[in-house]
Structures are given as structure tokens and as C-alpha cells.
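Colleague: Could you have a look at this structure, given as C-alpha cells, before my questions?
The values are calculated or read from the model by the stated rules, or taken from the named source; none is laboratory data. All of these numbers come straight from a predicted model, not from anything done at the bench. Glycine also receives a Cβ, built like all others from the backbone with ideal geometry; neighbour counts cover every protein chain displayed. Accessible surface is based on the protein model in full, side chains and every heavy atom, while ligands, DNA and RNA are left aside. Shrake-Rupley method; radii C 1.70, N 1.55, O 1.52, S 1.80 Å.
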Amino acid sequence: MAMTRDDLSAVPGVGECDLDAETVAALPDGSAPAPWAAECASIIWYARGNRAAAAASGVEGRPLIVIGGLVSYAQTPVGSYREVFGMIALAHGRAVRGTIPFMAVDSPASLVGGRSNWSLPKSLASFEGSPEQGSMSASGATWQVQATARPFGPHYPVPMRGRLVQRWPDGRPREAVLSGHGRARSALVTVEVRSAGPLAEWLRPGQHPGAVLSATRFALSAMH
């Protein structure tokens, strides 16, 4: 769905994802349309949802789990880039859907694609480390997220399928389908989160169960 620059700025998300006028003015005029297919490696972790997660989600549903992740993309329609995200799994009736109120990347083309295709509140950040190294960090103007993984046990296959719901600038929620597969190894993940805003209240620091994923391939459909 095409968006103006004003629409890109108005994509809902937590305060850490707000775009300043200088960033918006420097964005490319367009990006690759949905659907997207991607190959990546990542460090992910899980924590129980709480009231702060419900407040951050922006869509209807009871927060079950908060999933954090630091990702290195090898292939996407806009090339390679890195990403940090905070996703909230919400129970809505009998369905469980994920929503992402926090996301940052180091690619302006990915920022435009994420906001215009799925109303993902991508901002720009700098990154260090990699999932393969077992430690990765992301830093924005007012926040920092770092994850260090201690893997254990054997590798195992991970099927992926789920629904993503995002609220759009017009207030309407729309959904997309993610499907794919990867290879994972369980890990204990030590997470540090610092922010001038409330990010650490729901994407909480500490030690969490998680995994290191490799050879991950997935597709994210257009929204409806």
C-alpha cells in the first residue's frame, strides 16, 4: 500500500520508533512491494507478557508472550541489513496473533518497505556483533538493546507460521501471514535494555529462554 511521507511518519509504534523530520526527508522515495522473502540468522528470546506489553501493543488482545530478537538478514528484496524487534503475542478470542510495536534496522530501504507494506514502525539504528558470534547489539538515539546467547543442546528444525497484525495510520488493523522454516539451537539469552522511554518495561532485561536460529527462510505476505 503506497504511503506518503506523512503516512510513513504516522505509522503507530512506541516512542523509541518515532522518526524526526530530517530522517523522513532523507528516506528513499519507494521500496520493494510485498510479499517479501528473506534469509536470515537471529538471536531470539521469550518473556511473559505484562500490562506494559498490553499498553505498547496498540491492538486488541491479551498479551501472552513478548518475543525479542536481533536479526542479520543475508537476503531480502532490499538487500542485506540488520534488525532488532520486540513482538507481542496476543490472544484474541481463540486466535493468537503477533504485533510488533518496536523495530529498528540499518537500511533506509527496509524502513520504507516495512512501514509502507506492513505498518511496521521501523526506525534507524546502528548494530554490532552477529548471531553467529553469539552476541549482538542495536543502538538508537535514545535506546540500546543487547543480547548475548549461551547455546546448549542439539540443533533442531523450526517450522514457522503465524499471523502478524499491525495498526495502520488510519487506525485500522490489518493482517499478514508469515511462513517459513529454520534451524535452531536452544539458548539462555542475557538481555540488556536501556531507554529514555518505557521500552524496558515490556521488552525486559535479564536472562530469558531463547534460541539461536540459522538457515532461516521465510516469506511475509501482503496485508489485508
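Colleague: Among the residues of segment 92-115, which ones are open to solvent by 20 Å² or more (accessible area, probe 1.4 Å) and in contact (Cβ under 8 Å) with a residue 24 or more places away in the chain?
Modeller: Within segment 92-115, the subset open to solvent by 20 Å² or more (accessible area, probe 1.4 Å) is 92-97, 106, 108-109.
HIS92, ALA95, VAL96, ARG97, ASP106, PRO108, ALA109 - these are the residues of segment 92-115 that are open to solvent by 20 Å² or more (accessible area, probe 1.4 Å) and in contact (Cβ under 8 Å) with a residue 24 or more places away in the chain.
Colleague: SER186 versus (1) more than 14 Å from SER42 (Cα to Cα); (2) out of contact with any Leu (no Cβ under 6 Å at 6 or more places or on another chain): which is the lone unmet condition?
Modeller: Every condition holds for SER186 apart from (1).
Colleague: Restricting attention to segment 194-207, report how many residues are more than 16 Å from VAL84 (Cα to Cα) and in contact with a Gly (Cβ under 8 Å, 6 or more places away or on another chain).
Modeller: Within segment 194-207, the subset more than 16 Å from VAL84 (Cα to Cα) is 196-198, 201, 206-207.
Narrowing the set further to residues that are in contact with a Gly (Cβ under 8 Å, 6 or more places away or on another chain) leaves 197-198.
Counting residues in segment 194-207 that are more than 16 Å from VAL84 (Cα to Cα) and in contact with a Gly (Cβ under 8 Å, 6 or more places away or on another chain) gives 2.
Colleague: State which residue is farthest from ARG5 (Cα to Cα) when the search covers only segment 139-174 and only residues that are among the charged types (D, E, K, R) and surrounded by 15 or more Cβ atoms within 10 Å (Cβ to Cβ).
Modeller: Step one: filter segment 139-174 for residues among the charged types (D, E, K, R), giving 150, 161, 163, 167, 170, 172, 174.
Applying the additional criterion that residues be surrounded by 15 or more Cβ atoms within 10 Å (Cβ to Cβ) yields 163, 167, 174.
Details: ARG163: 27, ARG167: 17, ARG174: 20 Å.
Per the criteria, the residue is ARG163.
Colleague: Which one is least open to solvent (accessible area, probe 1.4 Å), of the residues in segment 190-224 that are of a type in the set (Ser, Thr, Tyr) and closer than 25 Å to GLY113 by Cα? Talk me through it step by step, then tell me what you get.
Modeller: If we filter segment 190-224 for residues that are of a type in the set (Ser, Thr, Tyr), which is where we start, we get 190, 195, 214, 216, 221.
Filter again for closer than 25 Å to GLY113 by Cα, leaving 214, 216, 221.
Numbers: SER214: 40, THR216: 4, SER221: 36 Å².
Here the answer is THR216.
Colleague: Now, a different point. May I ask you to list the residues in segment 48-88 that are open to solvent by 50 Å² or more (accessible area, probe 1.4 Å), assigned to a strand (DSSP E or B) and polar (S, T, N, Q)?
Modeller: Passing the criteria: only GLN75.
Colleague: Looking only at segment 116-138, how many residues end up being over 30 Å from MET3 (Cα atoms) and of a type in the set (Phe, Trp, Tyr)?
Modeller: Matching residues across segment 116-138 total 0.
Colleague: For segment 116-126, name all the residues that are among the hydrophobic types (A, V, I, L, M, F, W, C) and crowded, with 20+ Cβ neighbours inside 10 Å.
Modeller: Filtering segment 116-126 for residues among the hydrophobic types (A, V, I, L, M, F, W, C) gives 118, 120, 124-125.
Listed by number, the residues that qualify are TRP118, LEU120, ALA125.
Colleague: Do we have any residue at all in segment 40-47 that's free of Cβ contacts under 8 Å to residues at least 60 places away in the same chain, assigned to a strand (DSSP E or B) and open to solvent by 20 Å² or more (accessible area, probe 1.4 Å)? Walk me through it before giving the result.
Modeller: Initially, segment 40-47 is screened for residues free of Cβ contacts under 8 Å to residues at least 60 places away in the same chain, giving none.
No: segment 40-47 contains no residue that is free of Cβ contacts under 8 Å to residues at least 60 places away in the same chain, assigned to a strand (DSSP E or B) and open to solvent by 20 Å² or more (accessible area, probe 1.4 Å).
Colleague: Here are GLY129, GLY98, GLY79, GLY113: which of them is closer than 18 Å to ARG194 by Cβ and at pLDDT 95 or above? Spell out how you get there, then give the answer.
Modeller: On the way: GLY98 fails: closer than 18 Å to ARG194 by Cβ; GLY79 fails: closer than 18 Å to ARG194 by Cβ; GLY113 fails: closer than 18 Å to ARG194 by Cβ.
The unique qualifying residue is GLY129.
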